[in-house]
1. In this structure, does GLY176 turn out to be at pLDDT below 95 and either crowded, with 22+ Cβ neighbours inside 10 Å or in contact with a Gly (Cβ under 9 Å, 6 or more places away or on another chain) (or both)?
2. Filtering the stretch 165-216 down to residues that are closer than 19 Å to PRO241 by Cα and β-branched (Val, Ile, Thr), which residue is farthest from the chain's Cα centre (by Cα)?
3. On the basis of being under 30 Å from GLN16 (Cα atoms) and not assigned by TED's automatic domain parsing to the domain that holds MET135, does LEU291 make the cut?
4. Within the stretch 280-301, can you find the residues that are surrounded by 10 or more Cβ atoms within 10 Å (Cβ to Cβ) and either at pLDDT 95 or above or more than 30 Å from ILE27 (Cβ to Cβ) (or both)?
5. Among all residue pairs at least 6 apart or on different chains, which show Cβ distances below 7 Å where the first residue, located in the stretch 300-316, is under 15 Å from MET187 (Cα atoms) and the second is hydroxyl-bearing (Ser, Thr, Tyr) and crowded, with 19+ Cβ neighbours inside 10 Å?
6. Can you tell me which residues in the stretch 358-368 are part of a helix (DSSP H, G or I) and under 14 Å from MET324 (Cα atoms)?
7. What residue, among those in the stretch 328-366 that are under 20 Å from the mean Cα position of the chain (by Cα) and among the hydrophobic types (A, V, I, L, M, F, W, C), is surrounded by the fewest Cβ atoms within 10 Å (Cβ to Cβ)?
8. Can you tell me which of (1) touching a residue at least 60 places away in the same chain (Cβ under 8 Å); (2) surrounded by fewer than 16 Cβ atoms within 10 Å (Cβ to Cβ); (3) under 23 Å from the mean Cα position of the chain (by Cα) is the one ILE134 doesn't meet?
Amino acid sequence: MKNISILGSTGSIGTQTLDVVRANGDINVVALAAGRNIDLIEKQIVEFSPELVSLWSDEDAKELENRLKGHNINIEIMSGIDGLKAVASIDKAEVVVSAVVGMIGICPTIAAIEAGKDIALANKETLVTAGHIIMKMAADKGVKILPVDSEHSAIFQSMQGNKREQVSKLLLTASGGPFRGWTREQMKGVKLEEALNHPNWSMGRKITIDSATMVNKGLEIIEAKWLFDVDIDDIEVVVQPQSLIHSMVEYVDGAIIAQLGTPDMKLPIQYALYYPDRKMLAGDRVDFSVLKQIQFEIPDMDNFRGLALAREAGKTGGSMPTVMNASNEKAVSLFLNRKIAFLTITDIMEDCMNRHKLIHNPSLDEILSIEKDTYDYIEEKYM
């Protein structure tokens, strides 16, 4: 029986992680952390009986405590960043699923690593902004960072049995999102509902918008740099609209190894939880008898400025990815609340990156300070 804790248990990755737990029956959930979805985490507690749970606000934590009295359940309930850290570092957990959205995932991930936990990482922002800190700390502690993103899991799987020095380049695949082939002129009037209508994947709202702007693929480039120790120039994005090829690795002899499958996030989640073993996973399979073609396209960097800006931030390095990521997080939040237009997301990113004074090797405190400064600037100028 493997013990895990989940950061972000009521989100898309968190709920699908619990689907995997439910289907297999040999994983014990010892701690859960969520944002504000009291109704869902109450149901999760009743079903999975964790020892510790955390919600973001004190008020929600107190409300949850009152609700659990009706179930005659008495467990430890915490809140805020201290609660996230406690869930991440609880003694019994062997693996921590980091599935919270945004830079808030950095501190609990660090707490988990310091406690010697392996990390099933679904939080891109942790490595995008603090990869130089996280990867060194994980190496020093002997902790595994197991990718949960479908693309990074595909690369990880495609590298098994091969030597890192034999890798020539990584090929990150992208669906192109709901606006593939559109011009910026066509995207001027994009509505929120259109941007949230991804053609292939069922994901959380923030990552779905990031996919629509293709910023998500830029974040994945930076994340891949840290996960697999490659240069940004050795990471190529390929648009593959059917989302059957999840990513590929090209080796020095020209061989390309790819991981294929139907678009189902439970596969990379389960692979991370059971690595290096594989388990049966129910679901659809690729049917090559009806598959007529697999399509490839070059990404449109001109109309999808977010991808170009994120790649530029990754090449610049230092504190620039933090500014890029923080400005995108804030801008996406404004778009989700219908306060800015769709194309203004990347306009805000570019504005913030242009005004930033680069720090070459930022500390954690500097990273968090840059995030706050970027948020403050956007609130003052755009709200």
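1. Values: at pLDDT below 95: yes; either crowded, with 22+ Cβ neighbours inside 10 Å or in contact with a Gly (Cβ under 9 Å, 6 or more places away or on another chain) (or both): yes.
Spelling it out, GLY176 is indeed at pLDDT below 95 and either crowded, with 22+ Cβ neighbours inside 10 Å or in contact with a Gly (Cβ under 9 Å, 6 or more places away or on another chain) (or both).
2. Here the residue is THR183.
3. Working: under 30 Å from GLN16 (Cα atoms): yes; not assigned by TED's automatic domain parsing to the domain that holds MET135: yes.
When the stated conditions are applied, LEU291 passes them.
4. Once the filter is applied, which keeps residues that are surrounded by 10 or more Cβ atoms within 10 Å (Cβ to Cβ) and either at pLDDT 95 or above or more than 30 Å from ILE27 (Cβ to Cβ) (or both), the stretch 280-301 yields LEU281, LEU291, ILE294, GLN295, PHE296, GLU297, PRO299, ASP300, MET301.
5. Listed pairs, sorted by first residue: PHE304/THR213; ARG305/THR346; GLY306/THR213; GLY306/THR346.
6. Going residue by residue through the stretch 358-368, those that are part of a helix (DSSP H, G or I) are 364-368.
Result: ILE367, LEU368.
7. Applying the first criterion (under 20 Å from the mean Cα position of the chain (by Cα)) to the stretch 328-366 yields 328-336, 345-346, 349, 364.
Next, from what is left, pick out any that are among the hydrophobic types (A, V, I, L, M, F, W, C): 331-332, 334-336, 345, 349, 364.
Numbers: ALA331: 27, VAL332: 26, LEU334: 19, PHE335: 23, LEU336: 16, ILE345: 25, MET349: 29, LEU364: 14.
Filtering the stretch 328-366 for residues that are under 20 Å from the mean Cα position of the chain (by Cα) and among the hydrophobic types (A, V, I, L, M, F, W, C), the one surrounded by the fewest Cβ atoms within 10 Å (Cβ to Cβ) comes out as LEU364.
8. Every condition holds for ILE134 apart from (2).
The values are calculated or read from the model by the stated rules, or taken from the named source; none is laboratory data. Because the structure is predicted, anything quoted here is derived from the model rather than measured. Heads up, the Cβs are rebuilt from the backbone with ideal geometry, glycines too, and the neighbour counts pull from every protein chain shown.
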